[in-house]
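This report concerns only the one structure given below.
Rule-based calculations on the coordinates, nothing more; no lab input. Keep in mind it's a predicted model, so treat the numbers as computed, not measured. Cβ coordinates were reconstructed from backbone atoms using ideal geometry, including for glycine residues, and neighbour counts include every protein chain displayed.
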Ligand SMILES: C[S@@+](CC[C@H](N)C(=O)[O-])C[C@H]1O[C@@H](n2cnc3c(N)ncnc32)[C@H](O)[C@@H]1O
């Protein structure tokens with residue numbers, strides 16, 4: 001794993017929940033160190049007080065007893081859950097189609113790089129298909145979000161045993177821009193590389209990722225990253241986008257998979 005490059009993050013601090021603060025402190029300190037952000041002892045104070053004392057901070061990562069919570073100065077929150085993986089995996093287990101794993105033509109034993117990890121819902125689906133003999137690695141541009149997802153993938157337990165097992169198999173490899181990671185990857189390192197950048201507009205069906213739009217990176221997918229991914233992929237590169245957008249053409253993608261009623265499309269590019 002690459003180290004996080006910024007040594008000082010004035011825009012962010014790490015603290016603990018009020019409850020059981022002394023027990024949670026060491027964990028919070030180690031996360032603060034990894035992020036290059038200040039650890040702020042809770043000292044019986046509410047979060048608004050802590051934000052007042054740290055005027056440059058826009059968000060805080062709060063270490064709670066059972067989860068990590070990201071909170072904006074303005075009050076929006078994000079904690080880890082597998083999001084659409086719950087429904088999509090349930091559908092696959094009932095014999096339904098999943099467009100991503102179909103577009104990627106995944107089989108047991110394959111290796112996948114999810115270059116825009118988010119909640120890792122799609123990485124989890126891939127991990128289910130590639131199984132124990134395969135591997136699914138993820139990259140998240142926003143380090144504090146990547147840490148929340150990394151810990152959630154290891155600890156969150158749903159009532160679906162198969163989903164929990166797939167979550168545990170997704171490994172967060174890099175907290176930073178995927179181009180940094182791709183450039184350092186040997187050619188053909190993964191069978192498939194996937195991208196799912198934010199669409200320009202949030203689709204009604206994507207409301208579940210609304211918190212990700214607040215805490216994640218809205219940056220556009222660079223054509224250079226797609227070209228680099230074609231070198232790193234042994235078989236194919238997948239780019240998800242809105243069905244009616246012309247984004248895929250910009251990356252030279254002509255092959256695509258979508259469903260009749262759906263609003264998203266998975267573009268497919270061959271490896272180089
Ligand atoms: C639309 S969400 C992906 C959702 C994901 N497919 C899922 O199943 O939860 C896009 C994610 O990619 C991240 N991202 C955007 N640009 C990135 C980049 N250059 N490198 C790594 N991650 C990036 C965003 O921060 C956000 O978390």
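Quick look at the numbers
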read-out	value
Cα-based shape type of the stretch 216-272, given that a ≥ b ≥ c are square roots of the gyration tensor eigenvalues and the cut on a/c is 1.5	oblate
Cα gyration tensor shape for the stretch 9-78, rounded if a/c is under 1.5, else prolate or oblate	rounded
Pairwise label distance in nanometres, residue 208 with residue 107, each label 7 Å out on the Cα-Cβ vector	2.9 nm
Normalised contact order of the chain, rounded percent, pairs of Cα under 8 Å and 6 or more residues apart	15 percent
Two-site label geometry, residue 97 and residue 34: point separation in nm, points 7 Å out along Cα→Cβ	3.9 nm
Hydrodynamic radius of the stretch 56-132 per Kirkwood, over alpha carbon pairs, in Å	14.5 Å
Taking the convex hull of Cα positions in the chain, its mean projected area over all directions (nm²)	14.5 nm²
0 to 90° range, to nearest 10: angle between helix 143-155 axis and the chain longest Cα axis	80 degrees
Cβ-based exposure ranking for 116, 71, in which fewest neighbours within 10 Å come first	71, 116
Separation of the residue 8 and residue 25 label points, Cα + 7 Å toward Cβ, nm	2.5 nm
FRET efficiency estimate (nearest 0.05) - Cβ-Cβ, residue 56 to residue 79, R0 22 angstrom	0.40
Debye log10 I(q)/I(0) at q = 0.19, 0.26 Å⁻¹ for the stretch 156-233, Cα point scatterers	-1.05, -1.18
Value of [θ]222 nm, deg cm²/dmol, for the chain, DSSP H segments ≥ 4, -39500 (n - 2.57) each, nearest 500	-10000 deg cm²/dmol
C-alpha long axis of helix 223-232 to longest principal axis of the chain, angle in °	70 degrees
In degrees, nearest ten, helix 121-130 long axis to first principal axis of the chain (Cα)	50 degrees
Expected-Rg normalisation [2.2 N^0.38 Å, Cα atoms] applied to the stretch 68-222	0.99
